[in-house]
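Structure record follows, encoded as structure tokens.
The values are calculated or read from the model by the stated rules, or taken from the named source; none is laboratory data. What you are looking at is a predicted structure, and each value in this text was computed from that prediction instead of being measured. Neighbour counts run over all protein chains shown; Cβ positions are idealised from the backbone, glycine included. Ligands, DNA and RNA are excluded from the accessible area calculation, which covers all protein heavy atoms including side chains. Shrake-Rupley method; radii C 1.70, N 1.55, O 1.52, S 1.80 Å.
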Amino acid sequence: MLKVEDKVRVEIHGVINEESHSILTMLYYPLIKDRAYILYQLLIALSTKRSKFENHLILHELSGFSMEVIEQERKTLEKYQLLKTYYDPQKKQYLYAIIPPKSGSDFLEHEVFGRLYLNRLGEQVVKFQKINFLANTVDKTRFNDISECISDVLKDDWNEAFEKTYLEVKNEIQNSKQKQTIAFNYDELLKDLSDIIWPRKNRSEKQLEEIGQIATVYGISPKQMKILISRSVDKRKNSKTYGKLDIKALREKAASSKAKFETEEVNIYKWPPIRFLQNKQNGVPVSKHDAETIRILLEEYRLIPEVCNVLIEYVLNTSEQKFIRNYVESIASSWVRAKIDTYEKALVRIHGSEKKKSSTTESKKVEKDTVMSEEERSKLLEEINAMKGKLSDGEV
């Protein structure tokens, strides 16, 4: 049982902005209800203040909740992945790590949250929300993760109609997000793609999207893609998969393709990211590890190619031309949370960062310049004393 005197620390893992509060109120609140919502907001407020608190007394007094209620609602926040709780048995200290809300689209297509939201609020509200939202930490080595795991919060009244609507909404969101990140000429690909190479009956919309994603990542032209497709279609007549495209094999062939990249596009930020990085390293082929990092940026973080290229350039410029995946993903995460979804927004973002860095450097320079050396200080004192002597002698 949680006690008032139990030690506690609070920290935020990520960025919580105005959009986060909007998502919390419009999506999470109907599910977590009043007390968990208040506790979450209070933890955020306490984590941003300079005054430190050692135990649960402030949390107890400000919320007006009993310790039993605080523990109960803390577990509610854990179940909805808004909080992680760690416990240090040596110091008998709790650490509350606040997790920012998921993006609106991620929440609505979540396997549990999406279904529960639909069940609680109905189809009209879900479609309304779909329109709205489609678009230094503590060392925890001594702590044990004691957070509540997400449990089966769906009730028995879930039915096939709810499931069908949920899957439709989820597919619409995913399709919209995927198409935004694809830069590929499908008309050119399909124009002369015969049934002999890849039968029409075996072509699905999902596979075409995957082809577009692969082409976008690796800079494969429609002409080159036709060749790779022909090499990735099962041609074994006695096989159950005869005439079907092996997407995994296609991706591997695209990743190892040495075909020369040709384009009439002058703006290099519109190039496929693999080719953009290759250009940055004087034509040297991109390593498999770096290529995989770029794939993650495009397919998992859903960055459009132009934004991805600005990010690549920014990372290289700020890390001595190193392309370290952890650093790249940390930048990508912050850009996704900040909704950097256009080339223009990406430029504003990096110019703002450079300006801030420049301002900090200049500030340090000014501070350094204002610190006198011992020699300068002695010379100044001599001049002041000489001036005093002149004044005492009546000289002006």
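Which ones in region 242-279 are assigned to a loop (DSSP other than H, G, I, E, B), modelled with pLDDT under 85 and open to solvent by 60 Å² or more (accessible area, probe 1.4 Å)? Passing the criteria: Ser256, Lys258, Lys260, Glu262, Thr263, Glu264, Glu265, Val266. When Ser230 is tested against (1) in contact with a Ser or Thr (Cβ under 8 Å, 6 or more places away or on another chain); (2) farther than 30 Å from Tyr314 by Cβ; (3) small (Gly, Ala, Ser), just one condition goes unmet, and that condition is (1). All conditions in (1) open to solvent by 80 Å² or more (accessible area, probe 1.4 Å); (2) at pLDDT 85 or above hold for Lys355, with the sole exception of (2). Mind checking whether some residue in region 215-227 is open to solvent by 30 Å² or more (accessible area, probe 1.4 Å) and within 23 Å of Val348 (Cα to Cα)? No: zero hits. Do the conditions hold for Gln124, that is, is it surrounded by fewer than 16 Cβ atoms within 10 Å (Cβ to Cβ) and out of contact with any strand residue (DSSP E or B) (no Cβ under 6 Å at 6 or more places or on another chain)? So Gln124 fits the description; yes.
Figure legend. Inter-residue proximity from region 6-26: first residues within 17 Å of Leu46 (Cα to Cα), second residues β-branched (Val, Ile, Thr), beta-carbon distance below 6 Å, spacing 6+ or different chains. Indicated pairs: Glu11/Thr137; Ile12/Ile98; His13/Ile99. Is it the case, given these coordinates, that Ile32 is assigned to a helix (DSSP H, G or I), crowded, with 16+ Cβ neighbours inside 10 Å and either within 27 Å of the chain's Cα centre (by Cα) or modelled with pLDDT under 90 (or both)? So Ile32 fits the description; yes.
Among the residues of region 190-213, write down those that are more than 30 Å from the chain's Cα centre (by Cα), surrounded by 11 or more Cβ atoms within 10 Å (Cβ to Cβ) and in a loop (DSSP other than H, G, I, E, B). Before you say what the answer is, go through the steps one by one.
Restricting attention to region 190-213, the residues satisfying the condition of being more than 30 Å from the chain's Cα centre (by Cα) are 190-203.
In the following step, the residues that additionally are surrounded by 11 or more Cβ atoms within 10 Å (Cβ to Cβ) were identified as 190, 193, 195, 197-199, 202-203.
The answer is Leu193, Asp195, Ile197, Trp198, Pro199, Arg203.
Just the residues that are over 18 Å from Tyr117 (Cβ atoms) and under 24 Å from the mean Cα position of the chain (by Cα), please, taken from region 35-50.
Residues of region 35-50 over 18 Å from Tyr117 (Cβ atoms): 35, 38-39, 41-50.
Of everything in region 35-50, those that are over 18 Å from Tyr117 (Cβ atoms) and under 24 Å from the mean Cα position of the chain (by Cα) turn out to be Gln41, Leu43, Ile44, Ala45, Ser47, Thr48.
Which of the residues that make up region 5-20 are open to solvent by less than 40 Å² (accessible area, probe 1.4 Å) and in contact with a Leu (Cβ under 6 Å, 6 or more places away or on another chain)? Within region 5-20, Val10 is the sole residue that qualifies. Inspection of region 178-188 identifies at least one residue that is surrounded by 14 or more Cβ atoms within 10 Å (Cβ to Cβ), modelled with pLDDT of 65 or more and more than 30 Å from Lys339 (Cβ to Cβ). Based on what the data block shows, is Ile23 at pLDDT 90 or above, open to solvent by 40 Å² or more (accessible area, probe 1.4 Å), in a helix (DSSP H, G or I) and hydrophobic (A, V, I, L, M, F, W, C)? Spelling it out, it is not the case that Ile23 is at pLDDT 90 or above, open to solvent by 40 Å² or more (accessible area, probe 1.4 Å), in a helix (DSSP H, G or I) and hydrophobic (A, V, I, L, M, F, W, C).
Under the condition of being closer than 30 Å to Asp106 by Cα and open to solvent by less than 30 Å² (accessible area, probe 1.4 Å), the residues counted in region 43-62 number 3. Scanning region 280-302 for residues that are closer than 12 Å to Thr216 by Cβ and open to solvent by less than 10 Å² (accessible area, probe 1.4 Å) yields Ile294, Leu297, Leu298.
Of the helices (runs of 4 or more DSSP H) lying entirely inside region 43-131, those carrying at least 2 residues that are of a type in the set (A, V, I, L, M), out of contact with any Ser or Thr (no Cβ under 7 Å at 6 or more places or on another chain) and farther than 18 Å from Ile16 by Cα are 57-63, 67-79, 113-121.
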